[in-house]
Amino acid sequence: GREAAKAKGSAPATTRDGLTVAVMGNIGTPAEALRVLEYGAEGVGLFRTEFLFLDRDQAPDEEEQMAAYVAAATAMQGRPVIIRTLDVGGDKPIRYLDAPPEANPFLGERGVRFCMARPALFRTQLRAVWRAASVADIRIMYPMVSDAGELAEVLAFAARVREDLVGEGFAIADRMMTGIMIEVPSAAVVADRLAGLCDFFSIGTNDLTQYVMACDRGNAAVAGRCDSLNPAVLRLIAMTCDAARAAGIPVCLCGELAGDSRAAPLLLGLGLTELSMGGPAIAAVKEAIRSVDMAQCRALARAALNAGSPEAVRELLRGPRPA
Ligand code: PEP
Ligand code: MG
């Protein structure tokens with residue numbers, strides 16, 4: 001029952017040979033932090049802040065945002081909370097933000113591109129995150145980063161926001177753990193360059209899959225091709241994990257694939273050390289991690305990277321696993 005699931009959820013997820021994987025929760029509101037904690041989340045790996053901006057007539061101000069971020073951290077009782085900066089544009093329009101219609105919104109001004117083009121909006125959010133990160137274990141993560149030049153601009157912008165706050169007399173931390181989503185294929189390709197510029201990666205397989213497969217997930221005619229288990233997607237995940245390991249930074253996966261317990265051994269074999277998902281998936285994913293060892297996981301990953309189709313990868317996941 002539910003209580004047993006919660007008990008299984010709260011214990012750590014350690015493979016038979018002793019690798020402990022951090023299993024985190026995805027949230028959209030501070031209230032959801034409490035829910036994922038009950039399911040056994042060891043932190044919040046993805047706080048989708050766009051929910052704070054929806055269904056209202058103006059953007060939340062600095063104080064309101066700061067209160068929401070601190071509330072999520074308080075609910076998590078000292079566990080880390082990763083705040084993802086506003087990811088609107090594309091399919092997530094907000095009426096009070098000036099966002100002219102685009103012919104190809106998913107290839108347009110989304111995520112950090114949208115925010116960098118609207119400095120007042122971005123500055124308010126960054127001020128709130130800096131202030132919250134100075135009183136709790138809050139980390140920041142930027143969505144839709146596509147290359148090192150863009151990341152450098154974003155980091156410079158965030159550094160100026162910090163200097164302004166310090167100039168105004170706020171007690172602001174010297175630095176904030178800073179990560180990026182790897183969800184634009186170009187970012188996965190140059191992950192080795194990006195790894196030198198930030199503290200962690202989080203792979204967004206929902207967008208990474210639709211961009212690398214050139215398939216709109218919402219379009220029924222091609223949605224079937226939009227499969228995160230396609231070996232092309234898995235190779236980009238592997239490249240990202242290899243780059244992160246070489247640079248000595250952690251790498252999480254926070255797309256839907258993270259919540260698929262059958263895929264967990266494959267994801268470990270590809271090199272992920274953290275997974276972030278909706279609360280209800282946590283217990284089953286932790287159980288799947290506890291049942292395998294890394295030699296099995298690596299053999300599975302090698303086979304999957306060389307498989308010919310997502311169906312062939314699914315067949316591998318059904319096992320029998322290589323001994
Ligand atoms: C993703 O793209 O995988 C992701 C986690 O972000 P979102 O679903 O919010 O775009
Ligand atoms: Mg995304």
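The values are calculated or read from the model by the stated rules, or taken from the named source; none is laboratory data. What you are looking at is a predicted structure, and each value in this text was computed from that prediction instead of being measured. Note that each Cβ is placed from the backbone with ideal geometry, even for glycine, and that neighbours are counted across all protein chains shown.
Just one of (1) within 16 Å of ligand 1 (Cβ to nearest atom); (2) in a helix (DSSP H, G or I) trips up Ala159, so point out which. Exception for Ala159: condition (1). Screening the stretch 200-210 for residues that are part of a helix (DSSP H, G or I) and buried (at least 23 other Cβ atoms within 10 Å of the Cβ) and picking the one that is nearest to ligand 2 (Cβ to nearest atom) gives Asp207.
Taken across the stretch 182-199, residues that are under 25 Å from Ala68 (Cβ atoms), within 16 Å of ligand 2 (Cβ to nearest atom) and either within 19 Å of the chain's Cα centre (by Cα) or surrounded by fewer than 21 Cβ atoms within 10 Å (Cβ to Cβ) (or both) do occur, with at least one present.
Evaluate the stretch 250-266: report whether one residue or more is more than 30 Å from Glu3 (Cα to Cα) and either among the acidic types (Asp, Glu) or under 23 Å from the mean Cα position of the chain (by Cα) (or both). The answer is yes, given that some residue of the stretch 250-266 is more than 30 Å from Glu3 (Cα to Cα) and either among the acidic types (Asp, Glu) or under 23 Å from the mean Cα position of the chain (by Cα) (or both).
Picking from residues in the stretch 146-166 that are out of contact with any Cys (no Cβ under 9 Å at 6 or more places or on another chain) and over 15 Å from Arg123 (Cα atoms), the one that is surrounded by the fewest Cβ atoms within 10 Å (Cβ to Cβ) is Gly149.
Take the conditions (1) in contact with a Leu (Cβ under 9 Å, 6 or more places away or on another chain); (2) surrounded by fewer than 23 Cβ atoms within 10 Å (Cβ to Cβ); (3) of a type outside the set (S, T, N, Q); Pro80 misses just one of them, which is (1). In this structure, Val23 qualifies as in contact (Cβ under 8 Å) with a residue 24 or more places away in the chain, among the β-branched types (Val, Ile, Thr) and either within 16 Å of ligand 2 (Cβ to nearest atom) or crowded, with 22+ Cβ neighbours inside 10 Å (or both).
Highlighted here are the helices (runs of 4 or more DSSP H) found entirely within the stretch 235-320 that include at least 3 residues which are buried (at least 23 other Cβ atoms within 10 Å of the Cβ) and touching a strand residue (DSSP E or B) at 6+ places or on another chain (Cβ under 9 Å): 264-270, 282-290. Across the stretch 36-85, what is the total count of residues that are on the phi > 0 side of the Ramachandran plot and in contact with a Lys or Arg (Cβ under 6 Å, 6 or more places away or on another chain)? The number of residues fulfilling the criteria is 1.
If the condition is being at pLDDT below 95 and part of a helix (DSSP H, G or I), then the stretch 223-234 contributes only Ala223. Considering only the stretch 310-318, I want to know if a residue exists there that is in contact with a Gly (Cβ under 9 Å, 6 or more places away or on another chain) and in contact (Cβ under 8 Å) with a residue 12 or more places away in the chain. No, because not a single residue in the stretch 310-318 is in contact with a Gly (Cβ under 9 Å, 6 or more places away or on another chain) and in contact (Cβ under 8 Å) with a residue 12 or more places away in the chain.
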